[in-house]
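Visitor: One structure is given below, represented as structure tokens, and several questions about it will come after.
What follows is calculated from the coordinates using simple rules that are stated; it is not laboratory data. Just so it is clear, the structure is predicted and the values come from calculations on it, not from any experiment. So basically every Cβ, Gly included, is an ideal-geometry build from the backbone, and we count neighbours across all protein chains shown.
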Amino acid sequence: MNKANERKCIIAMSSMTYAMRGETLLNNNRLYTRVIKLPKGSTPKGCGYGLELSCSFLERAVQMLEHAGIKHGIVLR
Amino acid sequence: MIYFDNGATTLPKPDGVFRAVRHAMGLGNPGRGGHNLSLQGARLLYSVREHFCTHFSAPSPNHVCFFYSATEALNRVMKSVLYQGGTVLISDMEHNAVRRPALSLARRGGTVCYFKGHGREEEIVSSFGAAVKEAHRAGRDVKLAVFLHTSNICRQTLPVKKLTDLCRKNEILSLVDCAQAAGHLPLHLQDLGADGLCMPSHKGLFGIAGAGVLLCSPKLKDTLEQVPTLVQGGAGSASLEEDMPLFLPERLEAGTPGLPAIASMGAGLSFIEKRGYEQISGQLSMLYKHCADRLMHIQGITLQASELRGIGPLLFTADHMDNAVLSDALSARGVCVREGLHCAPLAHDSIGTGRDGGIRVSFSVFNTTAQIDRFVCILKEELCAAGACR
């Protein structure tokens, strides 16, 4: 599957600082991700940010974030 | 122009600071949108946060909070920790950035206790211990101790580690005002054992005015996440919630951050790292000594608090002339020094310069001994012209 067709998942983040910390951590570990604004309605709290990444990295990414104490919210598949 | 008022704001600023401000002015509002310029702004903000975290050994970037000044940072912590009352312990050398919020808390039912913040290290530590004991004996709940790292009026550095050790032993949170120390010598939150360090952008960190930082320990972070916020507003996320976000730093950072000022601090920090603290503190000590050695031989001038040790500015008074008049005369000759109370009447009272204060000479790494020699020459001429060189 080429990169353009790769399925993307989003990890909702608790704040912009956590999103930036997460992006730095995952990119440094070659789990390529980017900070995006969450799609409308994806969080009950209103606007927020998330990490968009290939769904194939998702499990490892979540583990890595939790291990580093980086707070995150729901995962959007 | 000879600029010796670096204790108020450092001048000139390094070239990198101008570049950083210009760059930040071209970016969007950090964390306020999903478009490229907003995200670039957020990345820049985060990179400075990370830089401060590493440089000052904070536990994580979440323990680095940006405010609009160090005064605001100090106020926010003091008023948050003591929002339900209690006692705050401060030194008798504090700037109004600490004294006034402490007195304001006292007017609202809290208590302020003082300890001696000048003199020999043992005297300061012993005075601190005695103040804690006395407060406990009186049944007071001492929640927070706030003290400066380095005085803004004279050469006095407090034994911060020993004081924070006493705080921990007595379960008191400690907050250190590093306004005059940051950028002059290495400061490590964890090595100092402090719960909070506050510092402004525009002094030793060589940034522009409009930003201040709080670096906090896990314990202070937990406290600040549990108490009500003093300022509320947009935070860029969780907008439907009535309260501010639950986590630091966003919980404390309501409103648009001053990105150009924050970026300038980051560039200032890079300048400091390139120079190295050994060179910076060595040069500041050398300039102090060079100036003090010359001033002490001038008739009609008294060096104040010259017996004190540490880093910090040089303070003198004119024996037969109004300090403000002398300072004015120096200004007319192109010398910038600061006379008066330096927003620290408590400290002037403590060292004996009372209501009149003195003339402060504060250096940066851009100053030279040649400038000091010229200043000394002008000073002598002005004193004699006023008939005050007796």
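Visitor: In region B:15-273, what % of DSSP beta bridges are antiparallel (nearest 5)?
Guide: Percent antiparallel among DSSP bridges in region B:15-273 is about 35.
Visitor: Sum -39500 (n - 2.57) across every DSSP H segment of at least 4 residues in chain A, then divide by the residue count to get the 222 nm mean residue ellipticity, nearest 500.
Guide: That calculation yields -9000 deg cm²/dmol at 222 nm.
Visitor: What's the exposure ranking of A:17, B:87, B:369, A:24, going from fewest to most Cβ atoms within 10 Å?
Guide: Ascending Cβ contact count within 10 Å gives the list B:369, A:24, B:87, A:17.
Visitor: Right, something else. Report Rg (one decimal) and Dmax (nearest whole number) for region B:197-278, counting Cα atoms only, units Å.
Guide: 15.0, 50
Visitor: Let me ask something else. Can you give me the Cα centroid spacing of region B:16-39 and region B:116-150 in angstrom?
Guide: 43
Visitor: How large is the Rg to Rh ratio of the protein assembly as shown when both quantities use alpha carbon positions and Rh follows Kirkwood? Don't jump to the answer; show the numbers that get you there.
Guide: On the way: Rg = 24.6 Å, Rh = 23.8 Å.
Radius of gyration relative to Kirkwood radius: 1.03.
Visitor: At 4 °C and 1.567 mPa s, what whole-number value in µm²/s does Stokes-Einstein give for the translational diffusion of chain B, with Rh from the Kirkwood sum over Cα pairs?
Guide: In µm²/s, the coefficient is 60.
Visitor: Rounded to the nearest 500, what is chain B's calculated 222 nm mean residue ellipticity when only DSSP H runs of at least 4 contribute -39500 (n - 2.57) each, over all residues?
Guide: Helices in chain B give a 222 nm mean residue ellipticity of -13000 deg cm²/dmol.
Visitor: For chain B, modelled as a GNM with alpha-carbon contacts under 10 angstrom, which of B:139, B:276, B:268 fluctuates the most?
Guide: B:139
Visitor: Sticking with this structure for a sec: What average number of partner chain Cβ atoms lie no more than 10 Å from the Cβ of the residues making up A:39-45? Before the final figure, lay out each step's value.
Guide: Numbers: counts 1, 0, 0, 0, 3, 3, 6.
The per-residue average across the peptide is 2.
Visitor: Let me check against my output: what whole-number percent is the relative contact order of region A:3-76, with C-alpha pairs under 8 Å and at least 6 apart?
Guide: 47
Visitor: Also, quick follow-up: Please give the charge dipole size of region B:15-273, origin at the Cα centre, charges +1 on K and R Cβ atoms and -1 on D and E Cβ atoms. Round to the nearest 20 debye.
Guide: Values: 26 positive and 23 negative charges, 86 e Å.
With only Lys, Arg, Asp and Glu charged at Cβ, the dipole is about 420 debye.
Visitor: Which net charge results for the neighbourhood of residue B:205, defined as the other residues with beta-carbon distances under 12 angstrom from its beta-carbon, given Lys and Arg at +1 and Asp and Glu at -1? Show your work: numbers first, answer last.
Guide: Details: positive: B:13, B:203; negative: B:273.
Counting the neighbours of residue B:205, the net charge comes to +1.
Visitor: Then there is this: Rule-of-thumb check for region B:21-122: C-alpha Rg over 2.2 N^0.38 Å?
Guide: Working: Rg = 18.6 Å, N = 102, 2.2 N^0.38 = 12.8 Å.
Normalised Cα radius of gyration, region B:21-122: 1.46.
Visitor: Remind me, relative contact order of chain B in percent, using alpha carbon pairs under 8 angstrom and six or more residues apart?
Guide: That works out to 23 percent.
Visitor: Please compute the alpha carbon radius of gyration of region A:3-76, then divide it by the globular-protein estimate 2.2 N^0.38 Å. Two decimals is fine.
Guide: This ratio for region A:3-76 stands at 0.99.
Visitor: Antiparallel versus total DSSP beta bridges in the protein assembly as shown: what percent is that, nearest 5?
Guide: Of all bridge pairs located within the protein assembly as shown, approximately 60 percent are antiparallel.
Visitor: On a 27 Å Cα-Cα criterion, which of the cross-link pairs B:116/B:274; B:79/B:203; A:40/A:71; A:71/B:169 come out too long?
Guide: B:116/B:274; A:71/B:169, as the Cα separations exceed 27 Å there.
Visitor: Hey, if you put +1 on the Cβ of every Lys and Arg and -1 on every Asp and Glu Cβ in region B:80-157, which of B:87, B:132, B:145 ends up farthest toward the positive end of that dipole?
Guide: Selected residue: B:87.
Visitor: Work from the charge dipole of chain B (Cβ charges, +1 for Lys and Arg, -1 for Asp and Glu, about the Cα centre) and give the residue of B:233, B:117, B:384 farthest towards its positive end.
Guide: So the residue we want is B:233.
Visitor: Can I ask one more? Charges on Cβ only, +1 for Lys and Arg, -1 for Asp and Glu, centred on the Cα centroid of the protein assembly as shown; of B:260, B:28, B:249, which one is farthest towards the dipole's positive end?
Guide: About the Cα centre, the residue reaching furthest to the positive side is B:28.
Visitor: Most exposed first by the Cβ proxy, i.e. fewest other Cβ within 10 Å, how do B:348, B:55, B:149, B:320 rank? Please report the intermediate quantities before stating the final value.
Guide: On the way: B:348 23, B:55 20, B:149 26, B:320 13.
Fewest-to-most ranking of B:348, B:55, B:149, B:320: B:320, B:55, B:348, B:149.
Visitor: While we're here: Taking the beta-carbon count within 10 Å as an exposure proxy, list A:64, A:20 from fewest neighbours to most.
Guide: The most exposed by this proxy come first: A:64, A:20.
Visitor: For region B:56-108 and region B:306-361, what is the centre-to-centre distance using only Cα atoms, to the nearest Å?
Guide: Measuring centre to centre over Cα atoms gives 26 Å.
Visitor: Report, in whole Å, the centroid distance computed from the Cα atoms of region B:195-249 and region B:254-275.
Guide: First find each Cα centre; the distance between them is then 16 Å.
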